Protein chains: 2
Amino acid sequence: MKSDIDRLMAARDLAAIIVAGDEHVNPYRHYLTNGADVTGGLVIKKHGADPVMIVNGMEIEEAAKSGLTVYSQTDLGWHELVKEAEGSRTKAQVAFWGRCLEKLEVKSGKIGVYGVGDLNVFIELMRLMNPVYQQYEFVGEVGTTLFDEAYSTKDADELERLQSVAVRTGQVLQAAWDYIAGCRADGETVVKADGTALTIGDVKRFVRRELLDHDLEDRGMIFAQGRDAGYPHSRGEKDVALRLGQSIVFDLFPQEIGGGYYHDVTRTWCIGYASEAVRKTYETVIEAFDISVEVFGVGKPTHLMQEAVLDHFESKGHPTGRSQPTAQEGYVHTLGHGIGLNVHERPSISHVLREDTFQVGTVVTIEPGLYYPEQGFGVRVEDTMFVNDSGELISLTDFRKDLILPLNT
Amino acid sequence: MKSDIDRLMAARDLAAIIVAGDEHVNPYRHYLTNGADVTGGLVIKKHGADPVMIVNGMEIEEAAKSGLTVYSQTDLGWHELVKEAEGSRTKAQVAFWGRCLEKLEVKSGKIGVYGVGDLNVFIELMRLMNPVYQQYEFVGEVGTTLFDEAYSTKDADELERLQSVAVRTGQVLQAAWDYIAGCRADGETVVKADGTALTIGDVKRFVRRELLDHDLEDRGMIFAQGRDAGYPHSRGEKDVALRLGQSIVFDLFPQEIGGGYYHDVTRTWCIGYASEAVRKTYETVIEAFDISVEVFGVGKPTHLMQEAVLDHFESKGHPTGRSQPTAQEGYVHTLGHGIGLNVHERPSISHVLREDTFQVGTVVTIEPGLYYPEQGFGVRVEDTMFVNDSGELISLTDFRKDLILPLNT
């Protein structure tokens with residue numbers, strides 16, 4: 001969690017970290033600045049000190065909402081540096097980073113550079129930066145990064161926000177269920193009151209509006225039916241009409257408006273009725289879900305959970321990413337992932353990435369699924385869960401796991 | 001435009017470009033893949049050839065919608081590389097890039113790396129990558145990049161999408177106007193039918209819903225009143241009630257759902273009436289807008305437009321970023337910016353960045369403004385405009401520039 005950052009910096013021998021990036025959604029910046037809604041500048045945290053924001057003069061007011069110390073680029077001499085560099089903003093930028101570090105009394109050492117931004121810009125800036133500074137070494141990080149480690153447990157403030165997003169997401173699921181249930185069947189097609197087909201586009205539009213009414217934003221929901229549901233990441237075609245008896249994989253992962261915390265939930269619904277094949281597969285997936293939760297324990301490696309699910313699916317004759325790594329059907333993904341300001345964070349619940357363990361404050365998705373596109377269906381069930389202070393794995397997701405969605409009339 | 005990329009690659013001596021990045025909104029990827037909605041992988045364009053996508057097996061179906069050749073990571077031996085690297089995904093990734101380039105018969109040369117992603121990851125990957133490959137040099141780019149140049153003119157397909165977003169944005173502005181006009185005054189406060197105050201939060205929520213109904217997404221609109229309107233980038237406080245006679249800066253820059261083209265428009269509204277100071281300032285800003293359009297010409301440097309506006313504001317006694325570079329009031333920003341898949345692209349219309357010129361196919365915002373937070377107001381007026389085949393600067397924005405928004409009752 002956030003209070004671990006100084007320890008994580010020390011472990012990497014970092015004198016400071018710089019979070020850079022422009023107007024892209026930047027979870028690193030959100031994390032360090034308590035969600036201040038700025039579109040550029042730098043956030044610098046010296047080891048042992050609070051982060052400081054350096055922003056364009058126009059963003060002073062927004063930056064101040066972070067509660068952090070804020071300097072304007074002008075205060076730190078940006079305009080003089082541009083002049084000295086004879087108008088070269090690139091040269092000025094290289095000089096400006098040193099100026100900022102001096103201001104924060106970071107005298108020397110390794111400086112970790114993080115953030116979300118234009119890769120080409122920062123790859124080139126780093127190439128220019130390192131030869132200029134004898135006293136600093138600017139470094140990136142791949143693998144399990146400082147932020148991955150910090151993100152991997154949540155503090156009480158974060159959990160409160162995650163809980164709130166979870167509750168609101170459950171309300172949106174209920175509204176979507178009611179919206180579909182309020183339609184009727186014309187043959188095998190679901191139709192609206194005016195007799196026209198209810199399409200995936202209609203449902204997505206309804207859900208996006210409901211999300212907004214709950215101060216949440218869609219980040220690309222999946223609502224995929226039949227064969228499309230058999231491809232885990234197919235998002236669903238908007239002109240497709242909903243049909244009775246088809247498996248619908250509905251994966252909703254909204255975020256607080258403006259780039260905050262996520263929730264992630266998947267339900268598989270069959271409107272009216274389900275085929276025997278889908279029903280049986282659904283039961284197997286629910287069993288996998290329950291088995292995975294049973295093998296959970298604080299301090300235990302996360303891969304044990306994935307392996308229990310692999311064992312279960314394989315024992316029922318399904319191909320998996322372990323038994324047939326290149327398979328496009330059966331169980332073809334990992335069991336889950338951490339979630340917070342990013343929809344995918346550490347820990348991973350994978351049999352390949354084996355380094356992660358569960359800790360108090362871990363927030364993860366659990367999402368077993370089975371996919372048979374050639375047979376025209378897919379099934380996935382997912383909750384977002386957290387490890388509470390007593391070391392129990394508790395679901396944050398507040399919505400029932402029914403397969404059949406009956407129409408009211 | 002897109003058809004310039006081979007020429008722009010040759011000018012940089014690039015044998016290939018690689019667009020990387022994970023689940024962040026990635027305009028580079030959108031541009032090269034015709035908007036394919038994938039969350040990772042690589043897009044590689046060899047000089048003289050069409051781009052090719054390399055994605056996770058789960059994203060094959062979405063990637064195929066690009067119309068490009070698609071390989072799965074599995075096809076290219078990802079799993080074997082992870083094994084060879086004894087489970088180190090970082091090592092495997094370093095090897096994988098070479099594997100992909102070989103597959104596309106890129107034998108040697110400079111490889112430009114672009115995209116939006118985690119800076120730390122790619123800074124470190126580049127440090128690891130370059131020593132491994134004798135035959136390739138992976139390079140970033142800052143300043144006026146290949147994509148900046150390509151983006152700076154739009155082709156007919158892009159213009160059509162930009163026009164569609166413009167029309168829909170105008171409809172949303174009209175709906176917002178009607179929503180506010182349908183309220184009434186209680187003293188100086190604007191109130192809804194139920195007698196409670198109409199807040200900025202109410203308006204933003206209404207606008208976000210309207211945007212969705214037009215297949216657009218809000219990317220952080222500004223709706224700032226009074227003193228807040230005097231800070232160009234203050235977004236507006238949601239609990240603040242709308243009041244008569246206050247200047248409201250409403251800056252709306254929605255994007256096609258899922259990360260496509262933007263529109264950018266600002267209007268300044270005073271509900272019911274405006275003070276003499278705001279009215280006079282508004283007239284000066286409209287004059288600046290008209291003057292800037294008059295000095296426009298194809299082939300002309302963009303900075304001439306900014307300078308004409310600076311001259312005008314300074315002649316009326318307003319401080320500017322030229323006369324007082326550190327000023328926090330008066331005219332404190334540039335006149336405009338290119339817009340497309342990014343809300344801010346080249347060209348810049350700035351007196352500092354002086355390299356850009358107008359060309360047929362340029363799409364830019366024109367947005368003069370004057371800010372007086374201490375006097376409790378700010379004014380900005382902005383259209384998105386394009387240079388047509390006849391070399392005329394035409395507004396895409398379809399909404400009138402009225403200052404006074406009268407209540408219906």
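FYI, it's all coordinate maths here, none of it is from the lab. Not measured: the values here are computed from a predicted model. Methodologically, a virtual Cβ is constructed for each residue, glycine included, from the backbone with ideal geometry; neighbour enumeration extends over all protein chains shown.
Summary of values
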{"read-out": "Nearest-first distances (nm) between copies at residue B:391, label 7 Å from Cα via Cβ", "value": "7.8"}
{"read-out": "Residue among B:28, B:133, B:261 with the largest mean-square fluctuation in a Gaussian network model of chain B, springs linking Cα atoms under 10 Å", "value": "B:133"}
{"read-out": "Residue A:354 versus residue B:291: modelled label distance in nm, points set 7 Å from Cα along the beta carbon direction", "value": "7.2"}
{"read-out": "For chain B, calculated [θ]222 nm from helices alone, where every DSSP H run of n ≥ 4 adds -39500 (n - 2.57)", "value": "-10000 deg cm²/dmol"}
{"read-out": "For chain A, built as a Gaussian network whose Cα springs stay under 10 Å, the top-fluctuating residue of A:325, A:254, A:51", "value": "A:325"}
{"read-out": "Kirkwood hydrodynamic radius of region A:255-337, from inverse mean 1/r over distinct Cα pairs, in Å", "value": "14.7"}
{"read-out": "Bins of 10 Å from zero: percent of alpha-carbon pairs in the protein assembly as shown", "value": "2, 12, 22, 26, 21, 12, 4, 0, 0"}
{"read-out": "Kirkwood Rh in Å, taken over region B:2-149 so that all alpha-carbon pairs contribute", "value": "15.5"}
{"read-out": "Number of partner chain Cβ atoms within 10 Å, mean per residue of B:121-131", "value": "5"}
{"read-out": "Label zone at residue B:12, where the point sits 7 Å out along the Cα-to-Cβ direction: region A:119-155 residues whose backbone N lies under 17 Å", "value": "A:119-128"}
{"read-out": "Whole-number D in µm²/s for chain B (Stokes-Einstein; Kirkwood sum over Cα pairs; 37 °C, 0.692 mPa s)", "value": "141"}
{"read-out": "At 7 Å out from Cα toward Cβ: residue B:408 inter-copy label distances (nm, ascending)", "value": "2.9"}
{"read-out": "Extended-chain gain in nm, criterion 0.36 nm per residue less alpha-carbon gap, residue B:69 and residue B:179", "value": "34.8 nm"}
{"read-out": "Nearest-first distances (nm) between copies at residue B:127, label 7 Å from Cα via Cβ", "value": "1.6"}
{"read-out": "Integer Hz, Karplus 6.51/-1.76/1.60 couplings in order for region B:362-368, x for Gly and Pro", "value": "5, 10, 9, 8, 10, 8, x"}
{"read-out": "Residue with peak Gaussian network fluctuation, chain A [Cα springs, cutoff 10 Å], from A:139, A:363, A:387", "value": "A:139"}
{"read-out": "Centre separation in Å (Cα based) which lies between region A:213-278 and region B:1-44", "value": "29"}
{"read-out": "Extension gain from residue A:298 to residue A:244, taking 0.36 nm per residue of separation minus the Cα-Cα distance", "value": "15.2 nm"}
